[in-house]
Amino acid sequence: MATWMAVVLGGALGSAARHGVNIATARLVSVPGPWPTAIVNLVGSLVIGMLAGALAGQRLSMSPVARTFVFVGILGGFTTFSSFMLDSLTLIEMGAPMKAGLNLAGQLVLGLLMTYAGYYIGLRSA
């Protein structure tokens, strides 16, 4: 139960932080564009990389529940892109760069195709 609460509470914090970035970016950048999403994805990737590196280098220690709170909850609520990048890095670190490349290209291309399909399904259904 503690793990689920960690996900719920962390997710709420991450989602609120993401919304804060959206609002702050809209105020700072007057030109519409992908800026809020790009900022969230890049910052989330930096943070998850720093934390994963600190854990791997044993400079940081976290209980399983704390890891779930931060990685799945906060960072998952902030951006799943960071998890996507960490999964890809993990494959590279495990000596599977081709799998990492397939993961990256596959999710990007298929994600765009699924978004396209969902968009047109949504347009046509009522």
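Nearest 20 debye, what's the magnitude of the dipole of the chain about its Cα centre given +1 on Lys and Arg Cβ and -1 on Asp and Glu Cβ? Each step should come with its number before you reach the end.
Details: 6 positive and 2 negative charges, 33 e Å.
That gives the chain a dipole magnitude of about 160 debye.
Return the FRET efficiency for the residue pair M98, S15: r is the Cβ-Cβ distance, R0 is 35 Å, and the value is rounded to the nearest 0.05.
Details: r = 34 Å, r/R0 = 0.98.
Result of the calculation: an efficiency of 0.55.
Only helical DSSP H runs with n ≥ 4 go in: add -39500 (n - 2.57) per run for the chain, normalise by residue count and round the 222 nm mean residue ellipticity to 500 deg cm²/dmol. Walk me through the intermediate numbers first.
Values: 6 runs with 98 residues, N = 126.
Only helices count here, giving -26000 deg cm²/dmol.
The distance separating the Cα centre of the stretch 64-126 from that of the stretch 1-57 comes to 14 Å.
For Rg and Dmax of the Cα atoms in Å, several values are listed as (1) 14.2, 41; (2) 28.5, 90; (3) 16.8, 54; flag the one computed from this structure. Structure-derived value, by its label: (3). Qualifying trypsin sites (Lys or Arg not before Pro) in the stretch 19-75, where qualification requires a DSSP coil assignment and no more than 16 other C-beta atoms within 10 Å, comprise R59.
Just so you know, all these numbers are worked out from the coordinates, no wet-lab data involved. All figures in this text were calculated on a predicted structure; none of them were measured in a lab. Using ideal geometry, Cβ is built from the backbone for each residue, glycine included, and neighbour counts are taken over all protein chains shown.
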